[in-house]
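Novice: I'd like to ask some things about the structure below.
The values are calculated or read from the model by the stated rules, or taken from the named source; none is laboratory data. All values reported here derive from a predicted model rather than from experimental measurement. Cβ sites come from the backbone with ideal geometry, for glycine too, and all protein chains shown count toward neighbours. Surface areas here come from the heavy atoms of the whole protein model, side chains and all, with no ligands, DNA or RNA. Shrake-Rupley method; radii C 1.70, N 1.55, O 1.52, S 1.80 Å.
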Amino acid sequence: MTSLISLPTRRHKPATRAELALLLGAAALLALALFGPVLPASAHQHAFADQRALWGIPCAVDVLSNLPFAIAGVWGLWALRRLAPGALDPTSRALAALFFAGLLCTAVGSSVYHWKPQDAGLLWDRLGMVLPFAGLLGLAASRVSERAGWAMAGAVLLAGPLAVLWWAHTGNLMPWAVVQLGGMLVVLVLACLPRRDGALAVHLGAVIGLYAVAKLFEAADHAVFDATHQWVSGHSIKHVFAAGAAWPVLMALAALRNSAARSAPHVTLSGQNGAHAVGVARRSRA
């Protein structure tokens, strides 16, 4: 006997062209990480220019320059908490929270590493960096669709730790370079795509620009230290600019909150006018 009750089925929307392009790009980066040339770590990767101790803190400026990461992380989580529940879609809210919480983890991991630069500390430093990378790439991919944002963040959360552990086991930096630099290439491509309605309006070009400047200062660590007469090193400045990459995300949240605040008086006024009209109608009927 045929049942008269049919269970509802959930239909999945077919992948869009942009989602398929993201999938192909991720597959290409995975192939490069797995089959690309071996990229050995520099023999001098722990030999930072500024080795000065201050207040009992070894490599003090490199350690203390991680404070902007913590400030940006706390600021961002506080800004998210102040947003009205419906002001931001759940996907963007969760990915932004992952990004800002990851900045706090980055501040801790990088401080631990620079306190005593060695491979063990660098492991935790890079693991902490995975979280903000996942949040940022998820926010960038959510311009395409919410499921693209979740998929991108999940892929980074999976690939990032594996790449770090592979480096720790084999000394091959290629998978980690793909996660870090390849991820920024993905953000650059996504910055050229139109943003879907409801996605957080992050200026991805500004994020990429600040990150690029940070990498330049990182490469010029000793040169900057010598040019500033040993006042500050390039790596310390790198921390400040890398933390500054959170600024466009913070500004997007501030703009969203300001927009909601500007629209609130109109809603209130409309409600007051409606109540006044109802009152007049009732008095006229009486």
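Novice: In the set (1) 224; (2) 133; (3) 118, which value of volume of the Cα convex hull per residue in Å³ was calculated from the structure you see?
Specialist: The listed entry that was calculated here is (1).
Novice: Please find, in a Gaussian network model of the chain (springs between Cα atoms separated by less than 10 Å), the residue of Ser233, Ser42, Ser110 whose mean-square fluctuation is greatest.
Specialist: Among Ser233, Ser42, Ser110, the largest GNM mean-square fluctuation belongs to Ser42.
Novice: Moving on. Quickly rank 196-202, 176-182, 114-120 as a protection proxy: mean count of other C-beta atoms within 10 Å, highest first.
Specialist: 176-182, 196-202, 114-120
Novice: Right, another one. Within a Cβ distance under 15 Å of Ala84, other residues only, what is the Lys/Arg minus Asp/Glu net charge?
Specialist: Values: positive: Arg81, Arg82, Arg93, Arg257, Arg262; negative: Asp89.
Local charge sum for Ala84: +4.
Novice: Moving on to the next point. What is the local net charge at Ile237, summed over the other residues whose Cβ is closer than 12 Å to its Cβ (Lys, Arg +1; Asp, Glu -1)?
Specialist: Details: positive: Lys215, Lys238; negative: Asp50, Asp62, Glu218, Asp221.
Local net charge: -2.
Novice: With unit charges on the beta carbon (Lys/Arg positive, Asp/Glu negative), name the residue among Val187, Trp150, Ala206 whose Cα is farthest towards the positive pole of the charge dipole of the stretch 127-229.
Specialist: Projecting each Cα onto the dipole axis, the largest value belongs to Trp150.
Novice: If the label point is 7 Å along Cα→Cβ of Ala223, which residues in the stretch 27-48 have backbone nitrogen under 19 Å from it?
Specialist: So the set is 42-48.
Novice: How would you order 159-167, 215-223 from highest to lowest mean count of nearby Cβ atoms within 10 Å?
Specialist: So the peptides 159-167, 215-223, ranked by packing, come out 159-167, 215-223.
Novice: Accessible area per residue, 1.4 Å probe, Å², for the stretch 7-164: what's the number?
Specialist: Value for the stretch 7-164: 54 Å² per residue.
Novice: Modelling each spin label as a point 7 Å along the Cα-to-Cβ direction, I'd like the Ala201/Ile57 distance in nm, to one decimal.
Specialist: Simple spin-label model gives 3.8 nm for this pair.
Novice: Summing +1 for each Lys or Arg and -1 for each Asp or Glu, what net charge is found among the other residues whose Cβ lies under 11 Å from the Cβ of Ser65?
Specialist: Working: positive: Lys238; negative: Asp50, Asp62.
Charge balance near Ser65 sits at -1.
Novice: Using a 1.4 Å probe over the heavy atoms of the protein chains, calculate the carbon and sulfur portion of the accessible area of the chain as a whole percent. Display every interim value, and only then the final one.
Specialist: Numbers: 11420 of 16360 Å².
In the chain, the share of accessible area belonging to carbon and sulfur is 70 percent.
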